[in-house]
Amino acid sequence: MANSDRADTAIAFVYRGTFVHSTQQTALQILKDALLGVDAQGKIAFIREGKELEKLSQTFGFKTSDITQLAQHEFFMPGLVDTHIHASQYSYAGTALDMPLLQWLNAYTFPVESCFKDLEFARKVYTQIVRRTLRNGTTTACYFATIHTEASLLLGQIARPFKDTQVTLRRLFIIYDFGQRALVGKVCMDRNDCVKHYKETLQDSQDETCRFIKELLEKKYPLVKPVVTPRFAPSCTGALLEQLGEIAKNNNLHIQSHISETHEEVKLVKELFPESESYTDVYRKHNLLTDKTVMAHGCHLSDEELALFRETGASLSHCPNSNFSLCSGVLNVRNVLKHKVKLGLGTDVAGGYSASMLDAVRRALDASKVLTIQDPKYKTLSFEEVFRIATLGGSQALSLDDQTGNFEVGKDFDALRINVAAEGGPIDLIQDEEPKILLEKFLNLGDDRNIVEVFVAGRRVVPITE
């Protein structure tokens, strides 16, 4: 176990019990009877064996009586990282799954997203989605908003760790700012022939993106950052993609978009960008494929395209619920990992009907089994591997693994306190089980009732104080 051996910072709290996490070398590392201390800045100061208590208390100056002992069926795990979620689509999650992607966007998504010019509607939806994802254990989320700058800024405000009272011309209302780590993207799209009122001009998209980035950065939210967000190649002209690539480069920003979700979409991209060798090449030519890029889906990427991802350091977000729900395809995760491409999991609300990353874990396992059914030689993913993708893998996909993703000393304490035997919960324990079995049961059977506490950067954000 690691230890900073630093006594120059105050210890805010210490937990003792079982901790499970992933490392670069190990999909699942179980630390029994461990001591983990978090400093006043919310960072992990030490994680050591319980037998070293006396030495640690002397070194770091905390009282043994201040230690919180986990119960028998409790453990800590890293916070879940949702690498792709459309916050603006949450109002119709769980419905409207009767069409393939391109028709689905025109019939449901674009009409709903156009409503976010109404800030009160935006506040209502964004408050609910941040609250729900935090309760479900999502400590980091990479959000798509809409084309509306003010509503997109509002999403960033709601995610930050404070509570504000604001007065509008109509009424006073409270914006609950929940303390989630978030990348927030104002959607950019200057091409939409089917729902003509939901698009921007090239100049407006460029100007409003710059304004969004400037104003969000000026707020200096410690955990919320802007991400450059071309919706996907079919909704953007080459000129807009080029501008967005320049904006991301000049500001050293993250980039998010979609790629190779369906065969129909891939065909459309080929028609719209005939000069490009592939869908991936479209983004590469416009400087949108960088080591801070995350692309959702990738179900139909060729090996040559995956090689480009590896070469540029770009990552993929695996969104299996959405891929099943819209009949888009099945990502071959083994092939992605074989090409050493960074990979995280995404809920992809509302193409994915659940805002829970636990559902994403389960659907990822299901997708792997579908590939095994089709080809018995295919090696099904283990729950340990998917656990790593949902935590450390997600932080790597978002280039945030220097801050979060596991319990390494010096990283922020983004963590879930899990009680597998929570009263009234969905899991029945017949006998005492080892931590590995408890984790597997939680991933397969658990829900928010098993998540006792959620921490982001050392601050307890669940239970939520209203």
Worksheet item: Using a 1.4 angstrom probe with every protein chain in place, what is the largest-first accessible-area order of THR201, THR391, THR237?
Response: THR201, THR237, THR391
Fill in: Cβ-placed point charges (K, R +1; D, E -1), dipole of region 255-305 about Cα centre in debye, nearest 20
200 debye
Worksheet item: Which whole-number value in Å² is the accessible area per residue of region 1-98, probe 1.4 Å?
Response: 43 Å²
Fill in: Nearest-ten-degree value, helix 149-159 long axis tilted from longest Cα axis of the chain
10 degrees
Worksheet, complete the sentence: Long-range amide H partners of GLU433, meaning residues 5 or more apart or on another chain whose placed amide H is closer than 5 Å, are none
Worksheet, complete the sentence: For region 336-466, dividing by residue count, accessible area per residue (probe 1.4 Å) in Å² works out to 40 Å²
Worksheet item: About its Cα centre, how strong a charge dipole does region 1-145 have in debye, to the nearest 20, once Lys and Arg get +1 and Asp and Glu get -1 at the Cβ?
Response: 160 debye
Worksheet item: What angle, in degrees between 0 and 90 and rounded to the nearest 10, separates the Cα long axis of helix 357-374 from the longest principal axis of the Cα atoms of the chain?
Response: 70 degrees
Discussion item. Tell me the relative contact order for the chain as a rounded percent, counting alpha carbon contacts under 8 Å between residues six or more apart.
Written reply: 19 percent
Worksheet entry | Cleavage-rule hits, GluC sites (Glu not before Pro), region 381-443, DSSP coil, Cβ neighbours within 10 Å at most 11 | GLU423
Worksheet item: Going toward the positive end of the dipole of region 215-262, with +1 on Lys and Arg Cβ and -1 on Asp and Glu Cβ, which of CYS236, ASN252, THR262 do you reach last?
Response: ASN252
Fill in: Cα lying deepest toward the dipole's positive end in the chain, options ILE67, ILE129, HIS339, charges on Cβ
ILE67
Worksheet item: Is region 290-443 rounded, prolate or oblate when judged by the Cα gyration tensor, a ≥ b ≥ c being the square roots of its eigenvalues, rounded requiring a/c under 1.5 and prolate requiring a/b larger than b/c?
Response: oblate
Discussion item. Computing the accessible area with a 1.4 Å probe over protein heavy atoms, can you report the carbon and sulfur percentage for the chain?
Written reply: 49 percent
Worksheet item: Which angle from 0 to 90°, rounded to the nearest 10, does the C-alpha axis of helix 435-445 make with the longest principal axis of the chain?
Response: 40 degrees
Worksheet item: Any idea of CYS210's accessible area? Nearest 10 Å², probe 1.4 Å.
Response: 60 Å²
Worksheet item: Picking from LEU119, LEU358, GLN41, whose Cα lies most toward the positive end of the charge dipole for the chain (charges on Cβ: Lys, Arg +1; Asp, Glu -1)?
Response: GLN41
Worksheet item: Over all directions, what mean area does the Cα convex hull of region 1-114 project, stated in square nanometres?
Response: 11.5 nm²
Response to the item:
Candidates for P(r) over Cα pairs in 20 Å bins from 0, in percent are (i) 18, 33, 24, 16, 7, 2, 1, 0; (ii) 23, 54, 17, 5, 1, 0; (iii) 25, 57, 18, 0, and the calculated one carries label (iii)
Item to complete: Net charge near ALA364: determine it from the other residues with C-beta under 15 Å of the C-beta of ALA364, scoring Lys and Arg +1 and Asp and Glu -1.
Response: -1
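The values are calculated or read from the model by the stated rules, or taken from the named source; none is laboratory data. The structure displayed is predicted, hence computed values, not measured ones. Heads up, the Cβs are rebuilt from the backbone with ideal geometry, glycines too, and the neighbour counts pull from every protein chain shown. Ligands, DNA and RNA are excluded from the accessible area calculation, which covers all protein heavy atoms including side chains. Shrake-Rupley method; radii C 1.70, N 1.55, O 1.52, S 1.80 Å.
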